[in-house]
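Heads up, the thing below is written out as structure tokens.
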Amino acid sequence: MTVRSRTFLGLAVGAPVLLLVLWTLGGLTEEQQTGIPTVPLVTLASLPLDLWLRDLATAVTIGAVLVGAVLAPRVAARLTQIASLAAILWLVTLVAQSVLTVSEVLARPLSESVDTTVIWSLLSQTDLGMVMLAQAGLVAVIASAAWLTSGRGMGVVLLVVAMVAAWLPGLTGHSGLEHGHVSASIGLGLHVVFASLWVGGLIAMAIYAGSGEPDPGVVLGRFSVVALASVIVIAETGLLNAALRLDGIAALLSSQYGTIILAKVSVLVVLIGWGMRQRAAIAGRWRGLPDADLRDPEYRSTFLRWCGWEVLWMGAVYGLSIALSRTAPPGFSIAGDEMTVGGIVLLVLGLPMAIGFVTALGPRAPRAAVAFPEAVAVVALVAVVVAGEWVPSGMATATVGVQVGTLLGALVVLAAGTLFVAVVRARRAVGAVAIMMIGLPVAFWWLERDASDGWSTGTWASVLLAEGLLVLLMRDTLSVASTTTPVPDETAADRALA
Ligand code: HEM
């Protein structure tokens, strides 16, 4: 398999992630009501997949123009051709989006939605349609001009055109629904543009380095600056958008929308961890090299391997992003709102494991706790039950109010989870992991005991997520404990991080 196909393959993980999240939240269920037309299942599944493909095509177009025509010392023809092809795919997804939107809005079967009169009405008379039309015009320019790019000047112009086209959908979706919400629209547009620069840029960088183009180390140095700026803007605009759609911390923890945001924050932390590890590993191994020299085969293969992992996580975050944009933001929080089970799993395991990945938590675990890992697991379980009971029971509301009560509950679970992960990583605490594996489903059964219709799909999915994370934690623990000769990259990375 070539470097190009291997790098692209990582992105595909987003499709199952997207469909799984939508299915869990009931977004793939036909709502049959007598006398009211039903949106067909094929549309419910195809529209999000089309939007996901559109966002990936956007990222690849922007990344290929950035690396191939702006950062490279000479225009890289291979990348400008990829930019043209990705722009053609972007155009195709826009055409498909118009048909699928007609099917969704008018609840028509797909065969009846390919109706040029209705599609033209959508494109010419609605905000969404006009945005799609403007986007299609700009993308057509990139598709036809990118492969002809002859110098950096033209590359910069094309990059600006592509970034404007990527920014436009920010005017629609949840930010566009709230008319006059300027910060939400600008913020979401910037979020998508910088996500595209980062994700698409990394893929283009892997292709550039893997195909023997000139001065890869210099281009990587330039791209690192863009990547760092992008991560900062993505985190800021993501949190700004989240804050504009949620009325506070309580909605973050008690809604499905908030749970997906927590998952995105966790993945962003993991991605930052990959970036840091990559720098630490490379700096540790190639300390003697004055400049990163990607012509060195050993260096190049390490770089490409780490890129593959990063792209995999990026694919997952794109799946989560489309699921988020297809999920209704919650209303105002009220007393009695419960933390979602998914939110609890992310607080007690997801975020702590992500933090552990970035900060080498293990060596920092308090000695007293490391001596009793099983007791720490029990404490984490008690924290889950107490916070899950206390937040909605009214005690939190009566004493400190919904927002502060939920914040305190969340901090307790996060602190207990972080201690648990630190202790498990510090020593071979398989027993503690087993206690959590059995204890968490029991804790959730207790918290959900009053649910009239039993466990929802969301609860089952959250339990599976928890068990999966615990297996991952146990695997890491065992592999670290059983490795007598440490893996070279990890030694350098861990030493630098510790
Ligand atoms: C701190 C972490 C993050 C937060 C809080 C966050 C939050 C958000 C929010 C609130 C939206 C708007 C969804 C809506 O329309 O309701 C969004 C959309 C989006 N996010 Fe993020 N995000 C984060 C990280 C990321 C990362 C790391 C990426 C990719 C590298 C990313 C890519 C996207 C994309 C592509 C969309 C647009 C989806 C669409 O087409 O509608 N986000 N994000």
Query - Neighbourhood charge, 12 Å Cβ-Cβ cut-off, centred on residue 50 and excluding it, Lys, Arg +1 and Asp, Glu -1 - result: 0
Report task. Over all alpha-carbon pairs of segment 62-130, lay out the pair-distance distribution in 5 Å bins, whole %, shortest bin first. Result -> 4, 16, 19, 14, 10, 9, 11, 10, 6, 2, 0
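Beyond 21 Å, what percent of the Cα pairs of segment 341-497 remain?
Distances greater than 21 Å cover 47 percent of the Cα pairs.
Can you give the relative contact order of the chain as a percent, counting alpha carbon pairs under 8 Å and 6+ residues apart? Display every interim value, and only then the final one.
On the way: 731 pairs, mean separation 86.2, N = 498.
Rounded, it is 17 percent for the chain.
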Requested in this report: Determine ³J(HN,Hα), in whole Hz, for all residues of segment 380-393 in sequence, where each value follows from phi through the Karplus function 6.51 cos²θ - 1.76 cosθ + 1.60 and θ = phi - 60°; x replaces Gly and Pro.
Outcome: 4, 5, 4, 4, 4, 5, 4, 5, x, 7, 6, 4, x, 5
Requested in this report: Return the inverse of the average 1/r over all pairs of distinct C-alpha atoms in segment 175-266, which is the Kirkwood hydrodynamic radius, in Å to one decimal.
Outcome: 15.0 Å
Query raised in the report: What is the ratio of the Cα radius of gyration of segment 1-156 to 2.2 N^0.38 Å, where N is its residue count, to two decimals?
Result: 1.23
Report summary line: Once phi for every residue in segment 243-258 is put through the Karplus expression 6.51 cos²θ - 1.76 cosθ + 1.60 (θ = phi - 60°), the whole-Hz ³J(HN,Hα) values, with Gly and Pro written as x, are 5, 6, 9, 10, 8, x, 4, 4, 5, 5, 9, 10, 10, 5, 4, x
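Can you give the convex hull volume per residue for the Cα atoms of segment 3-325, as a whole number of Å³?
That works out to 135 Å³ per residue.
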Query raised in the report: What number, in nm² with one decimal, is the all-direction average of the projected area of the convex hull of the alpha-carbon atoms of segment 401-482?
Result: 6.2 nm²
Query raised in the report: Mind listing P(r) for segment 332-412? All alpha-carbon pairs, 10 Å bins, whole percents.
Result: 17, 41, 29, 13, 0
Query raised in the report: Using a simple spin-label model with points 7 Å from Cα along the Cα→Cβ vector, what separation in nm is obtained for residue 121 and residue 451?
Result: 4.2 nm
Report summary line: Counting Lys and Arg as +1 and Asp and Glu as -1 over every other residue whose Cβ sits under 14 Å from the Cβ of residue 159, the net charge comes to +2
Query raised in the report: Based on the Cβ-Cβ distance of residue 141 and residue 74, what FRET efficiency does E = 1/(1 + (r/R0)^6) give at R0 = 25 Å, to the nearest 0.05?
Result: 0.60
Report summary line: Contact order relative to length for segment 194-270, counting C-alpha pairs under 8 Å separated by 6 or more residues, stands in percent at 29 percent
Query raised in the report: Based on DSSP H runs of at least 4 residues, each adding -39500 (n - 2.57), what is the mean residue ellipticity at 222 nm of the chain after dividing by all its residues, to the nearest 500 deg cm²/dmol?
Result: -25000 deg cm²/dmol
**Report entry** residue 38 versus residue 400: modelled label distance in nm, points set 7 Å from Cα along the beta carbon direction
**Finding:** 4.7 nm
Query - Label zone at residue 106 (point 7 Å along Cα-to-Cβ), backbone N below 20 Å, segment 7-47 - result: 31, 33, 35-47
Query raised in the report: Accessible area per residue of the chain at 1.4 Å probe, in Å²?
Result: 44 Å²
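With the full set of protein chains in place, find how many percent of the accessible area of the chain is carbon and sulfur; take the probe as 1.4 Å.
In the chain, the share of accessible area belonging to carbon and sulfur is 69 percent.
The values are calculated or read from the model by the stated rules, or taken from the named source; none is laboratory data. Please read all numbers here as calculations on a predicted model, not as lab measurements. Note that we place each Cβ from the backbone using ideal geometry, even for glycine, and neighbour counts take in every protein chain shown. SASA here: full protein model, heavy atoms, side chains in, ligands and nucleic acids out. Shrake-Rupley method; radii C 1.70, N 1.55, O 1.52, S 1.80 Å.
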